[in-house]
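Worksheet: the structure to be examined is printed underneath.
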Amino acid sequence: MPTKSPAGSILPKSIRIFGQESGIIYSVEAGLFSFPYHLRTFIRSRWFPVTFMRVTPLPKAQIAALCLVRLVDPIAFTQIFPYINEFIAFLHVTDDPSQIGYFSGLVESTFAVSQLLFIYHWARLSDIIGRRPVIMTGTLGVALSTMYFGVSSSIVDLLISRCIAGVFAGTASVVHTVLGEITDSTNQAAAFPLYGLVWPIGSIIGPLIGGSFSSPASQFSIFRQTIFDRHPYFLPCFVAGLLSIVGFTLAYFCLGETLSTKRRFSAEKDYDHMSCTSKQNTDCHDDIPVSPSARELLSFPIIRALSLSGFALEANGTSFGVLYVLFCYSPIQSGGLAFPPSTIGYSLAFAGVIAGSVQVFLMPFLLRRIEAAKIYNLSIAAWPVTFLFLPTLNMIARYGLDESTGQLGSRSHSALWVGIVIVLVLSRVGGIAYSNNVPKPSYLGSANGLVQSSMCFSRCVSAAFASSVFAFSDKYNVLGGYFWALLHASIALIGCSLARDITRNSKNMLTEA
């Protein structure tokens, strides 16, 4: 029924508003809002082309449980970064220090390949059996494989353990799906930064665990003549594995099932629908959630754009992670900084602090004022600058190195850390991106799985490629040993052009809706 406005004009009960600034269509009910005076006056005068919405309350308990479960993943993943190159040297995989980068990239690529092969299948399985059992299985698998990694005694053990971890880490896309199912466009500006803060926190804790707990027998006598002496990198893996088990416990007791709720709601809606009066009516099955094929998903321009740009984003992030650790580990004369694992861990933890600050203070402001796709375009543009800035750190170290003592001067040391902070800030800015546009709500699980699959495929190639290019540049002194930086900056520029398709296709999809 129509509703009388204060001026006596007739307003429809349901109003459909297109937000020109936000690019989102909202359906609202008249009378549910207390309009400001200037807006009430404008409504009295004519049909209003304005944007406003009723904000859905956040499901705080579900989001808290989801964030706690998600936290263990970055901890298990990032805790190996500070010591992975030293671990490979400890196992005597190669006698040539310049070749260590090849093997560290191979270990990371093995993880990505196995994750790629299973991530989409986990996503489709979650559309059938539910999100909760898939998430719990993945969390427990990551815990056990992380502990196995710590007791590896050969490169084969390292590869097998990372392969197993990759299989179970494929459930990450299901966690993203759950977030999309318990939020909507009215409260994502609050939910996304909270959820996005989880990875930075894990990226702080993980490197601290890896850098502080590696080789404990050389630091504390209590660990001598124990398993931690024979396996100097088991303690950080053991701690990370225990945290993953805690995450599994939280998922069991706290995480609710979102898929069954959506199916129950859909079934009730279909039962009450006027067109579903006959069991023979095949149209009644149109609203039943069906897991689509990859080919069907790729027929939508927005999904293709998200997959390609996700590939580019992951290529930048993975390459930087591999190159930064190799860069810090390598001797100054070989184009690096000669940092020990503890210093590498502290710098990576600091990067996590930067990312967390961005999520808490910057993202809520941006998401309320700028479309997510535009934020993506702005953030990915930081990557070319990030790669080109890295070689300047080695130049600072070379210039300030005292050959007699092997130490940096105080001014050079300060300048070096200022440069590191700049690089890490740029890399964290380059990592912020949000998009949750799918053609149909029932496609959310499979769409996330497909996009995550493209990102995993990128990780398969990027890790080994980045470490190989770094080793090649160092061994043959191509462009003074800095060829890797120029090449990856060029690749990042290609990613910037791919990112523009998200904005264009996102607007087209919403306009057609």
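The values are calculated or read from the model by the stated rules, or taken from the named source; none is laboratory data. None of these values were measured; they are calculated from a predicted model. Because the Cβ atoms are built from the backbone with ideal geometry, glycine has one as well, and the counts that use them run over all protein chains shown. Side chains included, ligands, DNA and RNA excluded: accessible areas come from the protein's heavy atoms. Shrake-Rupley method; radii C 1.70, N 1.55, O 1.52, S 1.80 Å.
Any residue at all in segment 72-88 that is hydroxyl-bearing (Ser, Thr, Tyr), modelled with pLDDT of 60 or more and within 24 Å of the chain's Cα centre (by Cα)? Full working, then the answer.
Within segment 72-88, the subset hydroxyl-bearing (Ser, Thr, Tyr) is 78, 83.
Imposing the further condition that a residue be modelled with pLDDT of 60 or more reduces the set to 78, 83.
Applying the additional criterion that residues be within 24 Å of the chain's Cα centre (by Cα) yields 78, 83.
Yes, because at least one residue in segment 72-88 is hydroxyl-bearing (Ser, Thr, Tyr), modelled with pLDDT of 60 or more and within 24 Å of the chain's Cα centre (by Cα).
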Being touching a Gly at 6+ places or on another chain (Cβ under 7 Å), under 17 Å from Leu71 (Cβ atoms) and in a helix (DSSP H, G or I) narrows Leu208, Leu194, Leu179 down to just Leu208
Unmet criterion (only one of (1) open to solvent by 30 Å² or more (accessible area, probe 1.4 Å); (2) assigned to a helix (DSSP H, G or I); (3) over 17 Å from Ala464 (Cβ atoms)) for Phe103
(3)
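Could you please give the count of residues in segment 392-415 that are surrounded by 20 or more Cβ atoms within 10 Å (Cβ to Cβ) and of a type outside the set (Gly, Ala, Ser)?
Pass one, segment 392-415, residues surrounded by 20 or more Cβ atoms within 10 Å (Cβ to Cβ): 393-394, 396-397, 408.
Imposing the further condition that a residue be of a type outside the set (Gly, Ala, Ser) reduces the set to 393-394, 396, 408.
Residues that pass the stated criteria total 4.
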Restricting attention to segment 468-499, which residues are touching a Phe, Trp or Tyr at 6+ places or on another chain (Cβ under 7 Å), surrounded by fewer than 19 Cβ atoms within 10 Å (Cβ to Cβ) and closer than 15 Å to Ser330 by Cα?
Ser468
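Given the criteria crowded, with 17+ Cβ neighbours inside 10 Å and either modelled with pLDDT under 95 or within 16 Å of Phe111 (Cα to Cα) (or both), does Leu144 qualify?
Details: crowded, with 17+ Cβ neighbours inside 10 Å: no; either modelled with pLDDT under 95 or within 16 Å of Phe111 (Cα to Cα) (or both): yes.
Considered against the rule, which asks whether it is crowded, with 17+ Cβ neighbours inside 10 Å and either modelled with pLDDT under 95 or within 16 Å of Phe111 (Cα to Cα) (or both), Leu144 comes out as no.
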Please go through segment 359-409 and pick out each residue that is closer than 19 Å to Val425 by Cβ, small (Gly, Ala, Ser) and part of a helix (DSSP H, G or I).
Ser379, Ala382
What's the total number of residues in segment 211-246 that are buried (at least 21 other Cβ atoms within 10 Å of the Cβ), of a type in the set (Ser, Thr, Tyr) and part of a helix (DSSP H, G or I)?
1
